[in-house]
1. Can you spot a residue in the range 123-136 that is aliphatic (A, V, I, L, M) and loosely packed, with under 14 Cβ neighbours inside 10 Å?
2. Going by the conditions given, is Arg62 surrounded by 14 or more Cβ atoms within 10 Å (Cβ to Cβ), out of contact with any Ser or Thr (no Cβ under 6 Å at 6 or more places or on another chain) and charged (D, E, K, R)?
3. How about the range 119-150: which of its residues are without any contact (Cβ under 8 Å) to a residue 40 or more places away in the chain and touching a Leu at 6+ places or on another chain (Cβ under 8 Å)?
4. Output the residue which, of all residues in the range 148-165 that are touching a helix residue (DSSP H, G or I) at 6+ places or on another chain (Cβ under 8 Å) and over 16 Å from Ile54 (Cβ atoms), is surrounded by the fewest Cβ atoms within 10 Å (Cβ to Cβ).
5. Read through the list (1) out of contact with any helix residue (DSSP H, G or I) (no Cβ under 7 Å at 6 or more places or on another chain); (2) among the small types (Gly, Ala, Ser); (3) surrounded by 17 or more Cβ atoms within 10 Å (Cβ to Cβ), then give the number of the only condition that Ala105 fails.
6. Given the structure, is Ser63 hydroxyl-bearing (Ser, Thr, Tyr) and over 14 Å from Val6 (Cβ atoms)?
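The values are calculated or read from the model by the stated rules, or taken from the named source; none is laboratory data. Small disclaimer: the values here were computed from a predicted structure and weren't measured. When we count neighbours, we look across all protein chains shown, and the Cβ atoms used for this are built from the backbone with ideal geometry, even at glycine.
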Amino acid sequence: MIRLFVALALPERLRPWIQGLQAGVPGAKWASPENLHLTLRFIGNVDGRLFADIMDALAAVRSPAFDLQLGGLGKFGERGRAESLWVGADRSEPLTRLQGKVEGALQRLGLDPEHRKFLPHLTVARLKGAPSGRVADWLTAHSSFALPPFRVDRFTLFSSYLAREGAIYRAEAEYPLMEAA
């Protein structure tokens, strides 16, 4: 079995900007720079045959390249407890269309549809017991955070392995997007 997800990797040149945010919240496990990504679709555990079918289905996705803007911060959690911190992404039509095409390709293989609403973001920290006041202070201190726009010219199928130090992601395949003629 292999654990898979489809995502947009954050360009290396932008990673230091995110790293500059990663301090000031006790109980935060900050995402490593090489693991920063915007998930288009979490797939989960699959066997070898389905893995090959997924690779083929994603190779058939056709979508144009586009520019993406990241900015704004938020938190996910339940009952007032923050469980993760994130940087948001503009909900552009090209991003939404790409996510829909990836979702459609995977559903045609028989995968269950994703029931959560697509909220484009980069998870920058997982939280365990973080004081709510410190989370609020962090959100306020970085409220104007934004990255310069970057070109999205590919999406990636990643595998994920859980290790003692956290998740290890490996790019299994990259799929180019079409540039305008």
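1. Looking for residues that are aliphatic (A, V, I, L, M) and loosely packed, with under 14 Cβ neighbours inside 10 Å, one finds at least one in the range 123-136, hence yes.
2. No.
3. Within the range 119-150, no residue meets the criteria.
4. Pro148
5. (1) is the only condition that Ala105 fails.
6. No, not satisfied.
Here is a yes/no grid of residues against (1) hydrophobic (A, V, I, L, M, F, W, C); (2) surrounded by 14 or more Cβ atoms within 10 Å (Cβ to Cβ); (3) touching a residue at least 40 places away in the same chain (Cβ under 8 Å):
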site: Gly72; (1), (2), (3): no, yes, yes
site: Glu78; (1), (2), (3): no, no, no
site: Trp86; (1), (2), (3): yes, yes, no
site: Ala89; (1), (2), (3): yes, yes, yes
site: Leu95; (1), (2), (3): yes, yes, yes
site: Leu98; (1), (2), (3): yes, yes, yes
site: Leu109; (1), (2), (3): yes, yes, yes
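Condition check ((1) of a type outside the set (A, V, I, L, M, F, W, C); (2) within 12 Å of the chain's Cα centre (by Cα); (3) closer than 18 Å to Pro149 by Cβ) across all residues:
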residue: Leu8; (1), (2), (3): no, yes, yes
residue: Phe42; (1), (2), (3): no, yes, no
residue: Arg62; (1), (2), (3): yes, no, no
residue: Leu68; (1), (2), (3): no, no, yes
residue: Arg81; (1), (2), (3): yes, no, no
residue: Leu85; (1), (2), (3): no, no, no
